[in-house]
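Have a look at the structure below, then the notes.
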Amino acid sequence: MTNQNYEAGLEQPGYASMLRVWNAFTRHFETSPTLIARSPGRINLIGEHTDYNKGFVLPAAIDKQVFVAIRKREDRQLRYLAVDLEDQYQGTLGNLVRSPKLWPDYLNGVVDQFLKKGLNLTGLDIAIGGDIPSGAGLSSSAAIECATAFALNKLFLFELDRLELVRLAQAAENQFVGVNCGIMDQFASMFGVADHAIMLDCKTLKYEYVPLNLRQNAILLLDTGVKHSLASGEYNLRRQQCEEGVKALQQVYPQVESLRDVNRAMIEYNLKGMVSELIYNRCKYVVEENLRLQVGCEALRRNDLSFFGKRMFASHQGLSKLYEVSCPELDYLVELARNEPSVLGARMMGGGFGGCTINIVKKTALEEVIHNISKAYKDKFGQVPAAHVCSISEGTSLVKPPLAKQEAEPKKDGVKKK
């Protein structure tokens, strides 16, 4: 998605959200923002909870995104506006502290990382908003962090590359927000490419764009309506449990640094007798999920979505029974999907304990599948799961404001000189 796309009109994905953020900034701060950046949410096709274990993941950026409108101030004040929440925050560069509101932490965390890197900032006026469903496991937090980092980089002409910005955004979530997430969410948001998934090696950060030729199929997200928080402790607990398994294996294999370095034989013949069944199950899931992903990518390269879909169902089984991050609502949605002939694959997506399932569905049966699953889910849980059909989109970028006048030739980085 190029910047020029956003000048075409309301038919462009996210245009209405961008316009809403732009106008809200102008009204609230009584001036126009200098620039506006967008960063997408992400889906993860397979490879869940493998990122912080230095394994493989297969995310893709989607056409649901966050917009950050920004302008420098002449003082050190920080003034933030959350357009969708109709909420405000005020702080200063010299006193960055966590907020009980939570949402300002994603902005302050990024600002904090720029300062720790020795990069000089002034005060800021920022407005944020977008169309990523909250609590659905689509990484709206990473999108906010990436859009903020990208906007600051352009606004102050720091010339950091995308990988540096990804690391800053991840560090903001780890160190300021307090969630020990891996790098996948920020990487996918920043590096996405239309019609491709990203096979990312979280150990080396080497990556490959894998074609995602959906053609007659669609990505369908079904939201359980159950809200989760990765900061609730369960996410960090799973990480600790995996690290416990690694420490046990290091007694036999000193070269093991993470579960990425572990194979099935090591799990079955060594770890099984050294740790509790719970720790064994956690580690077994991660090792098997890495293998599923690599085999699944081979299927995508030969455009075998049916084979790939079966790996998705197997992934959910592992997440539910071995890693235990599912919930009854997620399990039921996957069970319903498995009984629909037009669904090629389905599984829970994201941190777990709620949020969405991701489904690959034949387009010709999309409405029927949504109807059937929604009816059965409502009968059991009393509510209809929100359905989101996603396209695979580009990663983080600047966008042009509506009717922006090009009064001077832009610099090569897209930011004009004042």
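Residues of the range 295-308 that are of a type outside the set (Ser, Thr, Tyr), surrounded by fewer than 17 Cβ atoms within 10 Å (Cβ to Cβ) and part of a helix (DSSP H, G or I): Val295, Glu298, Arg301, Phe307.
Hey, among Val361, Val325, Val389, which residue is at pLDDT below 95 and assigned to a strand (DSSP E or B)?
Working: Val361 fails: at pLDDT below 95; Val325 fails: assigned to a strand (DSSP E or B).
After applying the criteria, what remains is Val389.
Of the numbered criteria (1) touching a Gly at 6+ places or on another chain (Cβ under 9 Å); (2) of a type in the set (S, T, N, Q); (3) touching a residue at least 60 places away in the same chain (Cβ under 8 Å), the one Asn236 fails is (3).
Taking the range 172-191 as the range and being closer than 20 Å to Thr50 by Cβ, small (Gly, Ala, Ser) and either in a helix (DSSP H, G or I) or more than 11 Å from the chain's Cα centre (by Cα) (or both) as the test, the residues that pass are Ala188, Ser189. Within the range 198-218, residues that are among the charged types (D, E, K, R) reach partners that are not in a strand (DSSP E or B) with beta carbons closer than 6 Å, at six or more positions or on different chains, in the pairs Lys203/Lys54; Lys203/Arg260.
I'd like the residue in the range 257-280 that is in a loop (DSSP other than H, G, I, E, B) and not β-branched (Val, Ile, Thr) and, out of all such residues, is surrounded by the most Cβ atoms within 10 Å (Cβ to Cβ). I'd like the intermediate steps shown before the answer.
Step one: filter the range 257-280 for residues in a loop (DSSP other than H, G, I, E, B), giving 257-258, 262-263, 270, 274-276.
Keeping just the survivors that are not β-branched (Val, Ile, Thr) gives 257-258, 263, 270, 274, 276.
Working: Glu257: 13, Ser258: 19, Asn263: 10, Asn270: 16, Met274: 14, Ser276: 11.
Per the criteria, the residue is Ser258.
For (1) within 23 Å of His28 (Cα to Cα); (2) surrounded by fewer than 24 Cβ atoms within 10 Å (Cβ to Cβ), each residue gets a yes or a no:
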site: Asp87; (1), (2): yes, yes
site: Asp105; (1), (2): yes, no
site: Val110; (1), (2): yes, no
site: Leu115; (1), (2): no, yes
site: Lys154; (1), (2): yes, yes
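Hey, can you tell me all the residues within the range 105-115 that are over 18 Å from the mean Cα position of the chain (by Cα) and touching a residue at least 24 places away in the same chain (Cβ under 8 Å)? Before the answer, list the steps.
Of all residues in the range 105-115, those over 18 Å from the mean Cα position of the chain (by Cα) come to 108, 111-115.
Within the range 105-115, Asn108, Val111, Asp112, Gln113, Phe114 meet the criteria.
For Arg260, the requirement of being under 22 Å from the mean Cα position of the chain (by Cα) and among the charged types (D, E, K, R) is met. Regarding Leu200, is this residue of a type outside the set (D, E, K, R), in the same structural domain as Leu291 (by TED's automatic domain parsing), assigned to a strand (DSSP E or B) and closer than 30 Å to Arg338 by Cβ? No: the conditions fail for Leu200. Only residues that are of a type outside the set (Lys, Arg) and either farther than 30 Å from Glu234 by Cβ or outside the structural domain of Pro59 (by TED's automatic domain parsing) (or both) were counted across the range 151-197, and they come to 15. Being over 22 Å from Ala197 (Cα atoms), touching a residue at least 40 places away in the same chain (Cβ under 8 Å) and assigned to a helix (DSSP H, G or I) is a property that Arg311 lacks.
Taking the criterion of being of a type in the set (A, V, I, L, M) and within 26 Å of Pro385 (Cα to Cα), the residues of the range 185-223 that qualify are Ala188, Ala197, Leu212, Leu214, Ala218, Ile219, Leu220, Leu221, Leu222. The numbered conditions (1) outside any strand (DSSP E or B); (2) in contact with a helix residue (DSSP H, G or I) (Cβ under 7 Å, 6 or more places away or on another chain) are all true for Gly129 except (1).
Say whether the condition of being in a loop (DSSP other than H, G, I, E, B), surrounded by fewer than 18 Cβ atoms within 10 Å (Cβ to Cβ) and modelled with pLDDT of 95 or more is met by at least one residue in the range 341-355. Talk me through it step by step, then tell me what you get.
Step one: of the range 341-355, the residues in a loop (DSSP other than H, G, I, E, B) are 341-342, 349-355.
Within this subset, residues satisfying the condition of being surrounded by fewer than 18 Cβ atoms within 10 Å (Cβ to Cβ) are 341-342.
Now drop any that are not modelled with pLDDT of 95 or more, which leaves 341-342.
There is at least one residue in the range 341-355 that is in a loop (DSSP other than H, G, I, E, B), surrounded by fewer than 18 Cβ atoms within 10 Å (Cβ to Cβ) and modelled with pLDDT of 95 or more.
Taken over the range 19-73, the residue count meeting the criterion of being of a type outside the set (Lys, Arg), within 20 Å of Met348 (Cα to Cα) and either crowded, with 24+ Cβ neighbours inside 10 Å or at pLDDT 95 or above (or both) is 19. Report yes if some residue within the range 244-256 is touching a residue at least 40 places away in the same chain (Cβ under 8 Å) and either surrounded by 17 or more Cβ atoms within 10 Å (Cβ to Cβ) or assigned to a loop (DSSP other than H, G, I, E, B) (or both); otherwise report no. So far as the range 244-256 goes, no, none of its residues is touching a residue at least 40 places away in the same chain (Cβ under 8 Å) and either surrounded by 17 or more Cβ atoms within 10 Å (Cβ to Cβ) or assigned to a loop (DSSP other than H, G, I, E, B) (or both).
Taking Arg282 as the residue in question, decide whether it is touching a Pro at 6+ places or on another chain (Cβ under 8 Å), among the basic types (Lys, Arg) and in contact (Cβ under 8 Å) with a residue 24 or more places away in the chain. Taking the combined requirement at face value, the residue does not satisfy it. Scanning the range 371-386 for residues that are part of a helix (DSSP H, G or I) and either within 30 Å of Ala147 (Cβ to Cβ) or among the hydroxyl-bearing types (Ser, Thr, Tyr) (or both) gives Ser374, Tyr377.
The values are calculated or read from the model by the stated rules, or taken from the named source; none is laboratory data. Everything quoted here is computed from the prediction, not taken from an experiment. Counting neighbours? That spans all protein chains shown, and the Cβs are built from the backbone with ideal geometry, glycine included.
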